[in-house]
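Reviewing the structure listed below.
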Amino acid sequence: MAVVVATLIALTGGWIAWWNYRSGVGNVRELAATLFEGISREAAGETAAFVMRAPPAAQALAGLGRGDTDATTQQDLAKRFEAVLRANPSFSWVSYGHRDGRFTGVYRPAPGSIKVNLSQIVDGKTQRQEYDVADDGTWTNEQKADDTNYDPRTRPFYTLAAVGTSGVWTPPYVFEGQNVPGITYALPNVRGDQLDGVITIDFDLARLTELTRKLQLSPHGRVVLVSSEDIVLAHPTAPVVQIVATGAEGKQALVKIDALEDPAVKTLRAAGAGATSFSLDGDRYLARSQPITIPGGPAWQVLAYAPESDFTAGLRGRVMFSLLISVIAVVIAIIVAWLLARRVSGPLIGLAGEMEKVGQLHLDDQTDHSSMFREIDMMNTALVKMKGGLRSFARYVPRDLVRTLVASGLDAELTGELRTLTIFFSDLEGFTSLAETKKPDELVKFLGSYFDDISKIIASERGTVDKYMGDGIMAFWGAPSKVEDHAIRACTASLLCQKRVAELARQGIHLATRIGLASGEVLVGNIGSTERMNYTVMGDIANLASRIEGVNKQYGTQLLISESTYELAKSAVIARPVDVVAVKGKTQGVPIYELLALASDDNQEAITLAAESTRALDAYLARKFDEAAALWGAIVERRPGDTAATVMRDRARAFAAAPPLADWDGIWVATSK
């Protein structure tokens, strides 16, 4: 009988191992598909963001140019272009080709350097002057050429833009003398009904190759960017520029998919846009393609692929090893089962189940597993006491954190990792006055009720409460468990917190909670000593969130978020830009937004306010202070209690009366927390 039982168990174990292997492969494919989707979307998003800075910059230059007169010189234009180039590290060239053949350009010949290129056609010859631009803006090292034979009016960017009234993108091409791919955005500058010239902004697409290297999926996985004409724009390992023989000389040209030193790209492209896998030389590849959305721009695509073996390697061996261990464990279990009496094993199994629940911090079950055997009954009594103690302990630490640690099988130790999170800071306004009206025990109970409400809201959106600081709360999203939409969830929780505070006000408890959110890369992990540690975050982003919370006081707002948070959550929220602020202790400016509502709320008033505030701040940053003051004034007239709009209106009026210096960058330096 024992042999029969052992045989049945072995067969069952084999079937389970085979099933687990099949399930494991299926799970790997599902996880890989999710990974491919995220990587391809990230690549598409970053690529679009890389080039979409050009249209607004070109429009801004066109707007500034409308105020030019005949007295405006090429040197004046070059100074303007230099400022735009310095403010946009992704730009390689900013230039203007005039209808009379004059050309004014500022470009980066190499990282960290800037040059000015001025040319004009005199008696049929193109005379060029070039200067090196120092860090302080002075021009040095003049270089002249008597005839470069260059006429911007004959170049593709000019001829493409000259036939329309809106901006155009040139096809990808090789930057002359630099052996790197590039693309140009060209905007016609029309004065009256006549074309005055063309504004251009060039991009060095070699930076996209660095992006594809950063987004490597697996040891042999690749992320590649291609155009609709099958031109390879970026590849992490293969060259995308080749020498094409033309007569006695060679000419640089971009590599097409058919000529690329990576046959997987050609195979995936041939499989079609919806392909999720393909075969090459007998190997199965997992894949994903994602279009890159560039409004009015070129049709590009992200291709992501990797051999399936990168994800399943070693799975079969681990399954066989697990099967062997399982068989040994089963045999031992059978022997032990024969030795144990049913009345002993039953209560022990129950206690084991309870211990498993305790390990996951599920402490509310009061099931009794008492036994007639003294030792088992002692274990049950100890378990009951332990659950009671842990229930108290669990109130001091995040349960999700402990469950994650238990699930990993590792001891808590000092460790950390860099991860992109969204950080939350809140503070009660007027708490000192409230504290003076309550007894200490009443104040503690009141704070406990308030913290309980806010903490439940944070937990409902998968956030982690880090600590309570007096009357403030620090929390974060995206750790210990990864949350892909951490910024959206943080914004949702913050709006719910404000909603709860409003409900308390209707109950006669008048409070105001200031909240600050910031998203970015921080150090997260167990920080402290070996004897006592805290799972928390550290870094500039955490400090920024704290400072943004304090900045609420200067603008009369309740919920401010950083630009990074807005960019991650803008598809799901409505927010208005408030200002560009250098928080206390920092010199670099950060655009801040007031979070108004969720996009799903369809709040037309919030949508209108966000649009009006955007126009006002754009005018302000463009030094159109009268226009900005008028726009903010209209908001204040409709919303008399809008302190943020009032502050910005008054500042714009002051600048209109006494304009700032020419190097003014729009940043307002906060002098307090």
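The values are calculated or read from the model by the stated rules, or taken from the named source; none is laboratory data. Keep in mind that what you see is a predicted model, and the values were worked out from it rather than measured. As a convention, Cβ positions derive from the backbone with ideal geometry for all residues, glycine included, and neighbour counts pool all protein chains shown.
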Go through (1) touching a Leu at 6+ places or on another chain (Cβ under 8 Å); (2) among the hydrophobic types (A, V, I, L, M, F, W, C); (3) under 17 Å from Leu511 (Cβ atoms); (4) modelled with pLDDT of 90 or more for Ile423 and report which single condition fails.
(3)
Scan segment 449-483 for residues that are on the phi > 0 side of the Ramachandran plot and buried (at least 20 other Cβ atoms within 10 Å of the Cβ) and report the count.
1
Which residues, taken from segment 109-145, are in contact with a Lys or Arg (Cβ under 9 Å, 6 or more places away or on another chain) and modelled with pLDDT under 90?
Pro109, Gly137
Strands (runs of 3 or more DSSP E) fully within segment 47-124 counting 3 or more residues that are free of Cβ contacts under 8 Å to residues at least 60 places away in the same chain and buried (at least 19 other Cβ atoms within 10 Å of the Cβ)
103-107, 114-122
Looking only at segment 453-471, and only at residues there that are outside any helix (DSSP H, G or I) and either among the small types (Gly, Ala, Ser) or farther than 19 Å from Thr536 by Cα (or both), the one that is modelled with the lowest pLDDT:
Gly470
When you look at Thr608, is it in contact with a Cys (Cβ under 9 Å, 6 or more places away or on another chain) and part of a helix (DSSP H, G or I), yes or no?
no
Would segment 567-590 turn up any residue that is in a helix (DSSP H, G or I), of a type outside the set (Phe, Trp, Tyr), modelled with pLDDT of 95 or more and under 22 Å from Ala512 (Cα atoms)?
no
Neighbours by Cβ (under 6 Å, 6+ apart or cross-chain): first from segment 439-453, over 20 Å from Gln498 (Cα atoms); second modelled with pLDDT under 85 and in a helix (DSSP H, G or I)
Leu443/Ala435
Please go through segment 545-563 and pick out each residue that is surrounded by 22 or more Cβ atoms within 10 Å (Cβ to Cβ) and without any contact (Cβ under 8 Å) to a residue 60 or more places away in the chain.
Asn552, Leu560, Ser562
Could you run through segment 564-589 and say how many residues are within 25 Å of Glu484 (Cα to Cα) and buried (at least 18 other Cβ atoms within 10 Å of the Cβ)?
10
Given (1) surrounded by fewer than 24 Cβ atoms within 10 Å (Cβ to Cβ); (2) over 22 Å from the mean Cα position of the chain (by Cα), identify the lone condition not met by Ile199.
(1)
Out of the residues in segment 426-447 that are at pLDDT below 85 and among the small types (Gly, Ala, Ser), which is surrounded by the most Cβ atoms within 10 Å (Cβ to Cβ)?
Ala435
Return a yes/no flag: does segment 214-227 have any residue that is over 19 Å from Glu42 (Cβ atoms), surrounded by fewer than 22 Cβ atoms within 10 Å (Cβ to Cβ) and out of contact with any helix residue (DSSP H, G or I) (no Cβ under 9 Å at 6 or more places or on another chain).
yes
Taking the conditions exactly as written (touching a residue at least 24 places away in the same chain (Cβ under 8 Å), charged (D, E, K, R) and touching a Ser or Thr at 6+ places or on another chain (Cβ under 7 Å)), does Glu461 satisfy them or not?
yes
In segment 619-670, the residues that are closer than 20 Å to Arg86 by Cβ, among the aliphatic types (A, V, I, L, M) and in a loop (DSSP other than H, G, I, E, B):
Ala622, Leu661, Ala662, Ile667
Quick one: is Pro171 closer than 30 Å to Ala662 by Cα and under 35 Å from the mean Cα position of the chain (by Cα)?
no
Is there any pair linking a residue in segment 263-290 that is assigned by TED's automatic domain parsing to the domain that holds Leu35 and within 18 Å of Ser40 (Cβ to Cβ) to one that is exposed (fewer than 13 other Cβ atoms within 10 Å of the Cβ) and of a type outside the set (Ser, Thr, Tyr), with Cβ under 6 Å and at least six apart or on different chains, and which?
Ser289/Ala273
Just give me the residues in segment 196-222 being assigned to a strand (DSSP E or B) and not β-branched (Val, Ile, Thr), in sequence order.
Asp196, Gly197, Asp202, Phe203, Asp204, Arg222
Selection over segment 150-176 where residues are basic (Lys, Arg) and over 26 Å from Gln242 (Cα atoms) yields a count of 1
